[in-house]
1. Restricting attention to the stretch 44-65, and to residues there that are under 15 Å from Leu140 (Cβ atoms) and among the small types (Gly, Ala, Ser), which single residue is nearest to the chain's Cα centre (by Cα)?
2. Which condition number in (1) closer than 26 Å to Leu159 by Cβ; (2) modelled with pLDDT of 80 or more; (3) acidic (Asp, Glu) is the one that Glu71 fails?
3. If you go through the stretch 137-147 one residue at a time, do you hit one that is surrounded by 11 or more Cβ atoms within 10 Å (Cβ to Cβ), of a type in the set (S, T, N, Q), assigned to a helix (DSSP H, G or I) and free of Cβ contacts under 8 Å to residues at least 24 places away in the same chain?
4. Of the conditions (1) among the small types (Gly, Ala, Ser); (2) over 26 Å from Arg44 (Cα atoms); (3) touching a Leu at 6+ places or on another chain (Cβ under 9 Å), Gly95 clears all except one; give me its number.
5. Please go through the stretch 148-160 and give me each residue that is of a type in the set (Gly, Ala, Ser) and either in contact with a helix residue (DSSP H, G or I) (Cβ under 7 Å, 6 or more places away or on another chain) or not in a helix (DSSP H, G or I) (or both), ordered by number.
6. Evaluate the stretch 116-131: report whether one residue or more is outside any helix (DSSP H, G or I), within 22 Å of the chain's Cα centre (by Cα) and surrounded by 12 or more Cβ atoms within 10 Å (Cβ to Cβ).
Amino acid sequence: MQPPDPSQGTSLDLPTSPPPRQPDPPHVEQPPGPLGDLVVAHFRRVEIAMLGRVLITTLGGALPASMVTLERRRSLGQRLSGRAGEPIGITITAGERLLSFRQSALGVTEALVGHTVRGVVLSTTPVPVAQWLDELGDVLEQVTRDDEAARTALERALLS
């Protein structure tokens, strides 16, 4: 066996200068772990619940009574004392369109878009809240274009 030739170098030789610096990779956010996912989901649910309460109370008072049906949750005490209860849902009927937004006791929001003919509901489809809000915008645009009193009432409710 021959000793290694020092002029050719060996695999154990250390470099005399530092390796060239690599550019920093772009910062990529790591997805949150399971606990982070739960926290994000909780805050989304709270935001949607707050939005739901505002929508239900504002639209219930601003739109014509012929278009709106409010659903309320009443405790036994509220029933015995004749109080109305807490609003938890709203159904808006405009022409052949039906929009329903409801919050259950568990904080789950149910947004539905439906089709009616002569007061009979033919179909309802669960949709994401963002899509429901888009549909609501279309309905409100149609209502305010056709009914001056509804437009004035909505302006008062939303701008105050």
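1. Gly60
2. The single condition Glu71 does not satisfy is (1).
3. yes
4. (3)
5. Applying the first criterion (of a type in the set (Gly, Ala, Ser)) to the stretch 148-160 yields 149-150, 153, 157, 160.
If the condition is that a residue be of a type in the set (Gly, Ala, Ser) and either in contact with a helix residue (DSSP H, G or I) (Cβ under 7 Å, 6 or more places away or on another chain) or not in a helix (DSSP H, G or I) (or both), then Ala150, Ala153, Ala157, Ser160 are the ones that fit.
6. If we filter the stretch 116-131 for residues that are outside any helix (DSSP H, G or I), which is where we start, we get 116-128.
Checking the rest, the ones that are also within 22 Å of the chain's Cα centre (by Cα) come to 124-128.
Add one more test, that the residue is surrounded by 12 or more Cβ atoms within 10 Å (Cβ to Cβ), and what stays is 124, 127.
Yes, that holds for at least one residue.
The values are calculated or read from the model by the stated rules, or taken from the named source; none is laboratory data. It should be emphasised that the depicted structure is a prediction, and the values quoted were computed from it without experimental measurement. All Cβ positions, even for glycine, are placed from backbone atoms using ideal geometry, and neighbour counts span all protein chains on display.
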